[in-house]
Amino acid sequence: MTRTQVPVAARAANIEYAIRDVVVPATKLEAEGHEILKLNIGDPIAYPGLPTPKHMVEAYVEALRNGNNGYSPSYGISDLRSSIAQDERRKGWPARQEDIYVCHGVTEALQIIFAATLESGDEVLAPGPHYPPYMAYPQMYGAQTVEYKLNPNDGWKLDFNDIEAKMSDNVKLLVLINPNNPCGAVVGKDEIFRLLSIVRKYPNCIVIADEIYDGLDFTGEQKSVASLSPDVPVLVLNGVSKVFYAPGWRIGYLGIHDPKARLTLVRDGIERLLRSRLCASTPAQLGYLAGLDSDRTWMKSYSDKIIKQRNLCVDRIAKIEGLEVQSSGGAFYMFVKLLDDRWAENDKDFVLQLLHEEHVLVVHGSGFSAELGKGHFRVVYLPNIDVLNDAFDRIERFLIRHRG
């Protein structure tokens, strides 16, 4: 008997998420009894030595014990919004509590922004390579993502000529991920000023400042985009997942910097969408609040560990024929270039064959941009040094075997 398949919506069928997609074959190998060295996912909790701080966990648990399990206000718990606003003011812009909206992670914040700002024919200008949802989500609203180039030969800096060439009245959102995922590049003050000078020419364009890794800047150059903008509207994204090491709590926020009061209608749309989806997790919000309101000296030991592991990766990659990388300035990623012709044109094949032959899991660069990420792979340098050394031994062995 022939079964007619119910059709799937194109908006779902066309979505890809490279970071998670490569986990599927890895899970199958694990089920067969193989141990996989995972350098693929930016989840600090997946690696030893970087636990969520105890005082935050205790606040979360205490919230559960005290029965704080009901719905919170749709825009977030008042005390948390106030603390986030205070934190953003320390970064240099006059954030108020009412400018802060708590979401189920930055991913939900992005969905809310796209739903509130995009119509058919609109464009989102985002860096290439970039975090995959910036490509996947705009199409749900009839919009498209246009990638602007990052310079792979100059620390993945912004290509301003390319940005200017691609700006138009159709561009409603320009995205800056700082520090960048997947490249680890950090954009400083002068570059941000130059970017704002371009956006200023297009009055219907808003900057999305994805600053989820701002506390993992190892250069000292990272700046809040909102703090440098006296006129261009900026939507600030941040949260608990990376800098506070609690990704599974799924608490992020959207901050609206609207110095010329041009986002009144957009703000109303955002608020309507937030009310329609009820609220973010109440106990997780209280756990995040404890992190924001407590001493943060613990962060230095975490950053020191990550920097040590980053330096190890740079040293190892420099000694492996067929690989090249520019050191990461922030976050916990680096984007490694494949020099052998075979893999430079087939980075996903490289990732899948490496997984099956050597049981090392990384993410193909083309998953972050089919054109601008091609010929690379992303490494997460959160595993301990012994794991990283083992992984690079296997990668080198793989390259030698296939070259021979």
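The values are calculated or read from the model by the stated rules, or taken from the named source; none is laboratory data. None of these values were measured; they are calculated from a predicted model. When we count neighbours, we look across all protein chains shown, and the Cβ atoms used for this are built from the backbone with ideal geometry, even at glycine.
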Checklist entry - Taking the range 84-141 as the search range and keeping residues that are in contact with a Cys (Cβ under 7 Å, 6 or more places away or on another chain) and within 18 Å of V266 (Cα to Cα), which one is surrounded by the fewest Cβ atoms within 10 Å (Cβ to Cβ)? => result I112
Checklist entry - Looking only at strands (runs of 3 or more DSSP E) that fall completely inside the range 123-242, which ones have 2 or more residues that are under 29 Å from G375 (Cα atoms) and out of contact with any helix residue (DSSP H, G or I) (no Cβ under 6 Å at 6 or more places or on another chain)? => result 123-128, 144-151, 171-177, 206-210
Next on the checklist: Considering only residues that are among the polar types (S, T, N, Q) and surrounded by 12 or more Cβ atoms within 10 Å (Cβ to Cβ), which ones fall in the range 50-68?
Outcome noted: T52, N68
Checklist entry - Where in the range 13-93 are there helices (runs of 4 or more DSSP H), lying wholly inside it, with at least 3 residues that are within 26 Å of D304 (Cα to Cα) and at pLDDT 95 or above? => result 54-65, 78-90
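Yes or no, residue by residue, for (1) within 20 Å of the chain's Cα centre (by Cα); (2) not hydrophobic (A, V, I, L, M, F, W, C):
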site	(1), (2)
R296	no, yes
N311	no, yes
G329	yes, yes
D347	no, yes
L354	no, no
H359	no, yes
G365	yes, yes
Checklist entry - Is there any pair with a first residue in the range 208-236 that is closer than 17 Å to A126 by Cβ and a second that is of a type in the set (D, E, K, R) and crowded, with 21+ Cβ neighbours inside 10 Å whose Cβ atoms are under 7 Å apart and which are 6 or more apart or on different chains, and what are they? => result I212/K242; Y213/K242; V236/E88; V236/E211
Item to check | Unique match (being touching a residue at least 24 places away in the same chain (Cβ under 8 Å), within 20 Å of the chain's Cα centre (by Cα) and either on the phi > 0 side of the Ramachandran plot or not assigned by TED's automatic domain parsing to the domain that holds L216 (or both)) among Y245, Y288 | outcome: Y245
Item to check | Those residues of the range 355-400 which are of a type in the set (D, E, K, R), more than 25 Å from A126 (Cβ to Cβ) and touching a residue at least 40 places away in the same chain (Cβ under 8 Å), in sequence order | outcome: E357, E358, D390, R394, E396
Next on the checklist: Taking the condition of being small (G, A, S) and exposed (fewer than 15 other Cβ atoms within 10 Å of the Cβ), how many residues in the range 23-45 meet it?
Outcome noted: 2
Item to check | Qualifying residues in the range 363-393 (those that are over 15 Å from V314 (Cβ atoms) and among the charged types (D, E, K, R)) - the one surrounded by the most Cβ atoms within 10 Å (Cβ to Cβ) | outcome: K374
Item to check | For L352: the one exception among (1) more than 23 Å from I212 (Cα to Cα); (2) touching a Leu at 6+ places or on another chain (Cβ under 9 Å) | outcome: (2)
